[in-house]
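Have a look at the structure below before the remarks.
The values are calculated or read from the model by the stated rules, or taken from the named source; none is laboratory data. In this text the structure is predicted, and so the values were computed from the model without any measurement. Please note: Cβ atoms are built from the backbone with ideal geometry, for glycine as well, and neighbour counts cover all protein chains shown.
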Amino acid sequence: MPTNKKVLITGATSGIGEALVIQYSNENHTVIACGRQAEKLSTLCQNNQASETLQFDITNEDQIKDAAAKVSELDTVIFNAGDCLYIDNVMAFDADLFAKIININLTSLGYLIKHFLPKINKGGQLVFISSIASQLPFPKSEAYGASKAGVDYLANSLRLDLVAHGINVTLVHPGFIKTPLTDKNDFPMPFMLTANEAATRIYQGVQARKDYLHFPKRLSLLLKLFRLLPNKVWQSLILRTS
């Protein structure tokens, strides 16, 4: 693999995605920043943080197809784009919100994989930004949690099938990261990290070709400990802190 890799990042206009663009750029990689906001993408180029940009909606296959046609080959693809909305009233279950989050966070990956996976060079890497939330159920997270659990299974299954093609898959479970998405949360978010801290950890883990990254370790290990407890005990603890 070349030292200077060609890296494509979705959701590059804010949060972890933007921090990853800057991280990879600072490490002298060629970065293709992807997102919906033309103005923000343009700013990334003007600041020499992105070498190229692709503007498309991850839920629109035609736009993805057109964008992928502009790319010849890639070394690393990071699927980071996503959204988080909560089911506020479970007894008036918002099926439209549920479908929207599943579509953005999970179904869209099918289109992205279809059109970008063939561009990845042998020896390349495919990275999925999931969430530590998939480790344990949380209140009001029926849509978000289900979508991220689906991402986990997708990434782990792809890893098996891509061995023969020489492509490594990394699954990332970030904890609470300060981004525009978490700024909307009104509940405690322990061990929160900045987007730059998250980007550094992801970069280091991907460079080490790790299959699985989870951080901060304190939160991840705490959730894994909860899973060892009887259901009534960990459910009580989760409800008490939510």
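The number of residues in segment 170-204 being farther than 22 Å from Asn4 by Cβ, of a type in the set (Val, Ile, Thr) and buried (at least 16 other Cβ atoms within 10 Å of the Cβ) comes to 3. Screening Leu126 against (1) out of contact with any Pro (no Cβ under 9 Å at 6 or more places or on another chain); (2) modelled with pLDDT under 95; (3) crowded, with 20+ Cβ neighbours inside 10 Å leaves a single unmet condition, (2).
Name the strands (runs of 3 or more DSSP E) wholly within segment 1-94 that hold at least 1 residues that are out of contact with any Gly (no Cβ under 9 Å at 6 or more places or on another chain) and within 27 Å of Thr194 (Cα to Cα)?
Values: elements: 6-9, 30-35, 52-55, 74-79.
Output list reads 6-9, 30-35, 52-55.
Annotation: Ile177 fulfils all but one of (1) touching a His at 6+ places or on another chain (Cβ under 6 Å); (2) more than 17 Å from Leu109 (Cα to Cα); the unmet one is (1).
Got a number for residues in segment 207-221 being out of contact with any Leu (no Cβ under 8 Å at 6 or more places or on another chain) and either buried (at least 17 other Cβ atoms within 10 Å of the Cβ) or outside any helix (DSSP H, G or I) (or both)? Residues meeting the conditions: 6. Residue count for segment 149-188, restricted to those that are acidic (Asp, Glu) and under 14 Å from the mean Cα position of the chain (by Cα): 1. Once segment 122-152 is narrowed to residues that are polar (S, T, N, Q) and in contact with a Leu (Cβ under 7 Å, 6 or more places away or on another chain), the residue that is farthest from Asn80 (Cα to Cα) is Gln135. Total residues in segment 122-139 satisfying the condition of being touching a residue at least 60 places away in the same chain (Cβ under 8 Å) and not in a helix (DSSP H, G or I): the figure is 9. For first residues located in segment 70-91 and closer than 19 Å to Leu158 by Cβ, partners that are of a type in the set (Phe, Trp, Tyr) and in a strand (DSSP E or B) and lie 6+ apart or on another chain with Cβ distances below 6 Å form the pairs Phe79/Phe128. Among the residues of segment 183-206, which ones are touching a helix residue (DSSP H, G or I) at 6+ places or on another chain (Cβ under 9 Å), among the β-branched types (Val, Ile, Thr) and assigned to a helix (DSSP H, G or I)? Residues satisfying the conditions are Thr200, Ile202. Among the numbered conditions (1) closer than 15 Å to Asp75 by Cα; (2) out of contact with any strand residue (DSSP E or B) (no Cβ under 8 Å at 6 or more places or on another chain); (3) surrounded by 18 or more Cβ atoms within 10 Å (Cβ to Cβ), the only one that Glu27 does not meet is (3).
Phe93 meets all of the listed conditions (1) closer than 21 Å to Gly166 by Cα; (2) exposed (fewer than 13 other Cβ atoms within 10 Å of the Cβ) but one, namely (1).
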